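> Quick one: the structure is below, and I'll ask about it shortly.
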Amino acid sequence: MYREKTKVIKIGDRVIGGGNPILIQSMTNTATENVEATVAQILRLEDAGCEIIRCTVPTIEAAKALAQIKKQIHIPLVADIHFDYKMAIAAMENGADKIRINPGNIGGRDKVKAVVQAAKEQKIPIRVGVNSGSLEKELVEKYHGVTAEGIVESALDKVQMIEELDYDNLVISIKSSDVLMCVKAHELLVQKTDYPLHVGITESGTVLGGNIKSAVGLGIILHEGIGDTIRVSLTGDPVEEIRSAKLILKTLGLKKGGIEVVSCPTCGRTRIDLIGLATQVEKMTEQYDLDIKVAVMGCAVNGPGEAKEADIGIAGGIGEGLLIKKGEIIRKVPEDQLLLVLKEELDHWQ
């Protein structure tokens, strides 16, 4: 379990690495300069379960906005920096809890040194991020294309550059949109470093495609004991990233809390609106912090048996359904009252 042995790093008031819980991250897609819109989005993400948030800082106005944003949120704030080292320094001056840089694209060793010095003075961790899409030409040539080996070498070169400046308050992220390449890169990297890793499948796609690629890739990586923070990168509402990350972690047994909803795929025996009911149950249960399983089943063949394996469940019939709690059938309920009865049970759950 590599994550049990990674270096402990403090980000704001949270810690990662060393076997601490895996934290869920996302990134805002608002203009950071728009404080009101950015704060509103972060608060929505917090409500969904986001534990670390990253904002892009392309301008000095965005860097200054971080100070106002930080006052209104409740989770660590990470500044995403590309190309201009001055933005990294300004972000730290305005309260960033961590900065994300690729030392290869902010202007050379002297500028990296200036960033590291500022981080050292304020004890701010640096996330060294390398993506397959920005792999250096010489490494592409060395490995005859973009490869896991090249990604790892690039990341470790950047880490060494910062270590030579006498700083090791670091997190590493190596990402690729190629799922199996990404998996292999992480497997290689953990053999060569003990820094905590932020894991994700970059540019994975839309909510549907991105979720599938992320679940497969991150499922493998996390199950192998790799990863200290996680982001599911989706082309869509960032809140969907949090929902997906929570479900991936919960499925792997890496996160407790929150209701798990299971439902059958429907078949010709289904006589109630199971699809609509299951969707409503899934949405309703997001508000509960109960570590239980809720089953939504569509017929009397497998429904009662499957629902009995859950903590509480409903199983449909013809215009009605059964309420099943802790393995026992409690009562029969009209279809239009199933959701209400389930909610009442969850409201008073013991």
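> Quick check on my filter: what residues within the range 1-52 are of a type in the set (D, E, K, R), crowded, with 19+ Cβ neighbours inside 10 Å and part of a helix (DSSP H, G or I)?
Scanning the range 1-52 gives a single hit, 3.
> On to the next question. Of the numbered conditions (1) in a helix (DSSP H, G or I); (2) open to solvent by less than 10 Å² (accessible area, probe 1.4 Å), residue 171 fails exactly one; give the number of that condition.
(1)
> Search the range 204-223 for residues that are farther than 15 Å from residue 180 by Cα and of a type outside the set (D, E, K, R) and pair each with any residue that is assigned to a helix (DSSP H, G or I) and open to solvent by less than 10 Å² (accessible area, probe 1.4 Å) when their beta-carbon atoms are under 9 Å apart and the residues are at least 6 apart or on different chains.
So the pair list comes out as 205/214.
> What are the pairs with Cβ atoms under 6 angstrom where one residue, in the range 71-82, is in contact (Cβ under 8 Å) with a residue 12 or more places away in the chain and the other, located anywhere, is of a type in the set (Ser, Thr, Tyr)? Sequence gap at least six, or different chains.
Matching pairs, first to second residue: 80/56.
> Can you name the residue in the range 258-279 that is closer than 19 Å to residue 349 by Cβ and of a type in the set (A, V, I, L, M, F, W, C) and, of all such residues, is surrounded by the most Cβ atoms within 10 Å (Cβ to Cβ)?
Within the range 258-279, the match that is surrounded by the most Cβ atoms within 10 Å (Cβ to Cβ) is 259.
> Related question: Specify the residue that is nearest to residue 120 (Cα to Cα); the eligible residues are those in the range 53-100 that are part of a loop (DSSP other than H, G, I, E, B) and of a type in the set (D, E, K, R).
97
> So for the range 177-196 (the condition being open to solvent by less than 60 Å² (accessible area, probe 1.4 Å) and within 17 Å of residue 24 (Cβ to Cβ)), does at least one residue qualify?
Among the residues of the range 177-196, at least one is open to solvent by less than 60 Å² (accessible area, probe 1.4 Å) and within 17 Å of residue 24 (Cβ to Cβ), which makes the answer yes.
> Test residue 86 against the criterion of being surrounded by fewer than 18 Cβ atoms within 10 Å (Cβ to Cβ), under 27 Å from residue 117 (Cα atoms) and at pLDDT below 95, and give yes or no.
So residue 86 fits the description; yes.
> Would you be able to tell me the number of residues in the range 96-136 that are under 26 Å from the mean Cα position of the chain (by Cα), open to solvent by 20 Å² or more (accessible area, probe 1.4 Å) and under 21 Å from residue 10 (Cα atoms)?
2
The values are calculated or read from the model by the stated rules, or taken from the named source; none is laboratory data. On a predicted model such as this, the values are computed, not experimentally measured, just so you know. Positions of Cβ are generated from backbone atoms using ideal geometry, with glycine treated the same way; all protein chains shown enter the neighbour counts. All accessible areas refer to the heavy atoms of the entire protein, side chains included, with ligands and DNA or RNA removed. Shrake-Rupley method; radii C 1.70, N 1.55, O 1.52, S 1.80 Å.
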